[in-house]
Amino acid sequence: MRTALLQSSGRPGSVVENLKVLDEAAGRAAAAGAGLLVTSEMFLTGYAIGDDIGRLAEPADGDSADAVAEIAARHGVAVAYGYPERAADGGAAVFNSVQLISVDGSRLANYRKTHLFGCFEHDHFTPGEQPVVQAELNGLRVGLMICYDVEFPENVRAHALAGTDLLLVPTAQMHPFQFVAESVVPVRAFENQMYVAYVNRTGPEGEFEFVGLSTLAGPDGVARARGGRGEELLLADADPVLLAASRETNPYLKDRRPGLYGSLV
């Protein structure tokens with residue numbers, strides 16, 4: 001499945017403008033033959049927007065979800081987008097979430113970030129409690145995760161054991177942690193025998209400097225696409241044939257000895 005990575009910070013603070021950016025990118029992705037478009041973390045609203053996070057948060061089935069569904073259906077491309085999610089009960093809890101919308105506009109999966117990074121996120125978000133969220137898309141089992149989550153090897157291994165083929169990781173990776181994009185993500189793909197699409201924000205935003213470097217890494221640890229530091233739309237393929245062949249020859253998952261790992265928990 002051809003996958004498009006939208007490396008962009010959009011227009012922080014403006015949902016309307018970010019939907020326009022998404023619409024334009026979806027058109028370009030579809031024209032290039034992509035079946036899936038993935039945005040960065042908190043793309044819908046912006047990341048470093050302070051208390052506006054709570055003001056702009058919406059439920060998973062809110063107006064913005066409907067707008068993204070219309071974009072996906074009109075262009076014929078699935079969309080995974082980051083956004084602040086207001087709990088359906090209307091309470092105070094806000095989650096840092098990613099939602100996957102199908103090509104027909106239906107909502108396939110919604111994931112809430114389980115590992116919050118730093119004081120900023122702990123001040124504004126409630127952590128999610130479901131570590132593995134998946135959906136079937138174009139013959140691949142797609143998993144969802146957000147940024148800091150991928151830096152915990154147990155998290156990604158849980159996806160591998162659940163059969164995830166393509167792990168989508170919207171991120172807000174900031175300076176000076178660019179080694180995560182450059183080194184950690186390809187290793188996660190290799191040691192867990194999956195594709196990992198890591199899609200970052202870029203440039204200054206509030207107190208942060210986002211580093212770009214978005215990548216789609218394959219099960220052989222090789223980056224199929226690698227972004228620079230600016231805004232761009234990257235395209236790469238997640239090939240189920242190569243994935244099956246790689247899993248056949250790589251012994252990591254077969255050679256595990258879970259009985260030795262009790263101390264991990």
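The values are calculated or read from the model by the stated rules, or taken from the named source; none is laboratory data. Note that the coordinates shown come from a computational prediction; the quantities given were computed from them, not determined experimentally. Backbone-built Cβ (ideal geometry, glycine too); neighbour counts: all protein chains shown. Please note that ligands, DNA and RNA were not included when accessible areas were found on the heavy atoms of the full protein model with its side chains. Shrake-Rupley method; radii C 1.70, N 1.55, O 1.52, S 1.80 Å.
Before moving on, here are some points about what is shown:
- Remark: pairs (first residue in the stretch 147-174, closer than 11 Å to Asn192 by Cβ and at pLDDT 95 or above; second residue β-branched (Val, Ile, Thr) and part of a strand (DSSP E or B); Cβ separation under 9 Å; 6+ apart in sequence or on different chains) = Val150/Val169; Val150/Val196; Val156/Val196; Thr164/Val142; Asp165/Val142; Leu167/Val142; Leu167/Val196.
- Residues of the stretch 187-224 classified as part of a strand (DSSP E or B), more than 24 Å from Thr45 (Cβ to Cβ) and open to solvent by 10 Å² or more (accessible area, probe 1.4 Å), total: 2
- Conditions (1) touching a strand residue (DSSP E or B) at 6+ places or on another chain (Cβ under 9 Å); (2) surrounded by fewer than 24 Cβ atoms within 10 Å (Cβ to Cβ); (3) assigned to a loop (DSSP other than H, G, I, E, B): number failed by Ile71: (3)
- Checking each residue in the stretch 219-265 for being of a type in the set (S, T, N, Q) and touching a residue at least 24 places away in the same chain (Cβ under 8 Å) picks out Ser246, Asn250.
- Of the numbered criteria (1) within 24 Å of Ser9 (Cα to Cα); (2) open to solvent by 10 Å² or more (accessible area, probe 1.4 Å), the one Asp255 fails is (1).
- The listed residues are Glu41, Glu85, and the only one of them that is free of Cβ contacts under 8 Å to residues at least 40 places away in the same chain, crowded, with 24+ Cβ neighbours inside 10 Å and either hydroxyl-bearing (Ser, Thr, Tyr) or under 20 Å from Leu168 (Cβ atoms) (or both) turns out to be Glu85.
- Val132 vs. criteria surrounded by 22 or more Cβ atoms within 10 Å (Cβ to Cβ), over 23 Å from Glu248 (Cα atoms) and modelled with pLDDT of 95 or more: no
This table checks each residue for (1) at pLDDT below 95; (2) open to solvent by less than 60 Å² (accessible area, probe 1.4 Å); (3) over 17 Å from Asn155 (Cβ atoms); (4) not in a strand (DSSP E or B).
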{"residue": "Gly91", "(1), (2), (3), (4)": "yes, yes, yes, yes"}
{"residue": "Asn96", "(1), (2), (3), (4)": "no, yes, no, no"}
{"residue": "Asp104", "(1), (2), (3), (4)": "no, no, yes, yes"}
{"residue": "Asp123", "(1), (2), (3), (4)": "no, no, yes, yes"}
{"residue": "Thr126", "(1), (2), (3), (4)": "no, yes, yes, yes"}
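- Residue in the stretch 25-42 that is charged (D, E, K, R), part of a helix (DSSP H, G or I) and more than 15 Å from the chain's Cα centre (by Cα) present: yes
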